[in-house]
Amino acid sequence: MINSKYSISPMLFSTVCLCVFFSQIQLAWSQQTMPKAVVMGLNSSSTPEVSEQILLQKLRDKLVNNFDLSSQSAFEKSLGEKSKSDSDPECIQLKCVLEVHADFPQTHLFILNIPKNEKRLTLVMIGERHK
């Protein structure tokens, strides 16, 4: 238990930094013209750890002020269907996420990657896709 406590601390620090960063963004988009976005976590297991789920939710909570996240559930559903229908075991990783993202035009993709046994995380934003 003590080890997991210390491994979560750097993640919490990173989360606070992300929260401060996103709270500083003051974009002038109205509710109707907010760009669309979806948020995904990349992990090596099929079920994210609780700390990963918390980080993803905090990220979504901050992004909702500047992006329209209404496509999130449809994106997750499409990703789930693709991973079930695809025999490729790596489908849950980046390749599959990008393939599903292609079906969501004009939608930004935020990917939070938390490598196992590492005390860092990576946030990547992939610009909107045009069809």
Please list His101, His108 in order of solvent-accessible area, largest first, computed with a 1.4 Å probe with all protein chains present. His108, His101
Once amide H atoms are placed 1.01 Å from N in the peptide plane, what residues at a sequence separation of 5 or more from Asp68, or on another chain, have their amide H within under 5 Å of its amide H? Lys36, Ala37
Subtracting the Cα-Cα distance from 0.36 nm times the residue separation, let me have the gained length for Lys95 to Lys77 in nm, one decimal. 4.8 nm
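The values are calculated or read from the model by the stated rules, or taken from the named source; none is laboratory data. As the structure is a computational prediction, the values presented were derived from the model and not from experiment. The protein model used for the area step is the full one, side chains on, heavy atoms only, and it has no ligands, DNA or RNA in it. Shrake-Rupley method; radii C 1.70, N 1.55, O 1.52, S 1.80 Å.
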